[in-house]
Amino acid sequence: MSCVSKGGTQPPTCAYRKRGLRMNGNRRRLIDGVLVLTLLGAGAGWFVLTGDSRASRAAAAPAEAPVIPVAVATAEARDVPLERIGIGNVQALYSVLVRAQVTGYLDHYAVEEGQMVKKGDLLAVIDPRPFQAALDQARAQKAKDEANLYAAERDFQRYKILAQHEFQSWQNVDDQQGTVGALRASIKADEAAIEQAALNLEFAHITSPIDGRVGLRQIDPGNLVTANQSNGLITVTQVQPITAVFTLPERYLPEITEAMAQGPVKVRVFSADHHQYLAEGKLLTPDNQIDTSTGTIRLKAIFDNKDNRLWPGQYIEARVEVKELKGVTVVPEVAVERGAEGLFVFVVGPDHRVSVRRVEEATEQDRIAAISAGLKPGEVVVVNGQSRLAEGMTVAEHPADADERRGG
């Protein structure tokens with residue numbers, strides 16, 4: 001039946017049918033929406049469940065041990081000198097404060113400050129003119145006395161002849177002989193005066209008493225200087241050779257005396273920061289007594305110092321070689337660690353795992369540690385990166401460079 005009439009009106013049954021159709025459409029859309037929401041909820045639940053499962057599996061899986069990068073070095077066998085280390089300072093073999101021996105005005109210096117001089121080299125000149133004049137005067141006086149002596153001797157000879165013929169008294173002869181003797185004595189005094197004047201003239205030209213280095217001048221030219229005044233003109237210090245005086249604990253004295261009995265004992269000198277090598281020399285002698293207040297003994301060594309690396313007053317570290325250790329195991333000093341139970345090193349095995357090894361150290365010098373027990377030549381030790389290591393850790397090693405061997 002058609003729901004459209006000829007007159008344009010709809011029957012009631014057609015209106016109910018359309019309302020029913022609309023209701024059925026709304027119901028289907030509602031059902032479809034519920035199905036979509038149900039599917040989305042199910043998907044979200046599956047995602048959460050699978051995600052939690054993956055997280056739990058990841059948490060349950062064991063973490064891989066980290067590989068620690070380290071620098072390594074190989075232990076070697078080497079002969080190492082056993083040295084006893086003391087501290088002290090450099091002292092000049094001789095040091096002279098040059099003073100004026102005559103009074104006068106300082107004319108000039110003949111050397112520069114810091115110049116190396118030889119014994120007898122001219123250092124300074126005091127105005128020599130007064131001393132030259134005194135020398136000329138003494139010579140003239142001698143010439144005068146010599147002329148008077150000549151005349152007196154001739155008169156003495158004549159007086160004797162006249163006295164023999166009784167034309168002159170013997171008393172006059174004796175007096176004339178006394179005059180001749182006095183004039184001869186005057187000439188002796190003139191000679192002494194000439195010698196003194198010549199010496200004063202020489203003293204006006206001040207020369208170096210030793211080989212050495214000239215210090216800073218203490219008086220400027222133009223000043224009046226007096227003989228033997230307290231403040232000198234300049235200092236001269238012998239620096240080639242030069243000595244060093246240092247102290248060691250008294251317990252090392254038997255070793256040192258035994259080494260000296262076998263021959264010259266080598267002494268090496270380093271800077272006060274223990275790193276810069278300065279010179280090598282030999283031990284001269286220990287002092288004749290031990291300082292009971294400190295339990296130390298002073299020793300003296302001598303050095304050629306051809307390169308002038310040692311300077312008077314310089315603080316130094318002295319290393320006295322008492323014996324030589326043959327074929328000991330050596331590693332870089334930075335490889336040795338100190339723990340609560342003593343010294344140890346980290347040894348790298350063939351499987352690239354590290355183990356803690358207790359060691360005993362014989363000596364340390366020049367950034368090298370001599371190991372007396374606990375390590376063999378050929379074993380690989382860690383020299384950089386120990387702070388991150390523990391027993392059994394895996395490492396990725398690379399050869400240590402120069403800075404790492406020094407601990408830089």
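A short reminder: the numbers here are calculations on the coordinates, not readings from a lab. Please read all numbers here as calculations on a predicted model, not as lab measurements. Quick reminder, even Gly has a Cβ in these numbers, built from the backbone with ideal geometry, and neighbours come from all protein chains shown.
Sequence neighbours fewer than 8 away in the same chain don't count; with that in mind, list the lysines whose C-alpha is under 23 Å from Lys282.
Partners found: Lys266, Lys300, Lys306, Lys323, Lys326.
For segment 98-234, how big is Rg over Rh, using alpha carbon atoms and the Kirkwood form of Rh?
1.32
For Tyr150 and Glu391, calculate 0.36 nm times their separation in residues minus their Cα-Cα distance, and state this gained length in nm to one decimal.
Here the answer is 75.6 nm.
Using 0.36 nm per residue, how much length does the chain from Ala261 to Arg184 gain when fully extended, once their Cα-Cα distance is taken away?
Taking 0.36 nm per residue and subtracting the Cα distance, the gain is 21.3 nm.
Checking the cross-link filter: which lysines have an alpha carbon closer than 29 Å to that of Lys142, excluding same-chain neighbours under 8 positions apart?
Answer for Lys142, where 29 Å is the Cα cut-off: Lys160, Lys188, listed by chain and number.
For an R0 of 51 angstrom, estimate the FRET efficiency from the Cβ-Cβ distance between Arg338 and Met116 and round to the nearest 0.05.
In this case the efficiency is close to 0.60.
Which value in nm describes the separation of the simple spin-label points at Arg129 and Lys160, placed 7 Å from the Cα toward the beta carbon?
Each label point is offset 7 Å from its Cα along the Cβ direction, giving 4.9 nm.
Let me check the size of segment 162-223 from its C-alpha atoms; what are the radius of gyration and Dmax in Å?
Radius of gyration, then largest Cα-Cα span, for segment 162-223: 25.2, 77 Å.
What FRET efficiency would be calculated for the residue pair Thr285, Ile368, taking the C-beta separation as r and a Förster radius of 30 Å, to the nearest 0.05?
Once rounded, the FRET efficiency stands at 0.50.
If the chain between Thr226 and Thr103 were fully stretched, how many nm would it gain, using 0.36 nm times the residue separation less the Cα-Cα distance?
Taking Thr226 through Thr103 to full extension adds about 43.9 nm, to one decimal.
Using the charge dipole of segment 98-234 (Lys, Arg: +1 at Cβ; Asp, Glu: -1 at Cβ; taken about the Cα centre), state which of Phe167, Ala100, Ala185 has its Cα farthest towards the positive end.
So the residue we want is Ala100.
With a point put 7 Å past each Cα toward its Cβ, work out how far Ile87 is from Lys326 in nm, to one decimal.
Each label point is offset 7 Å from its Cα along the Cβ direction, giving 3.6 nm.
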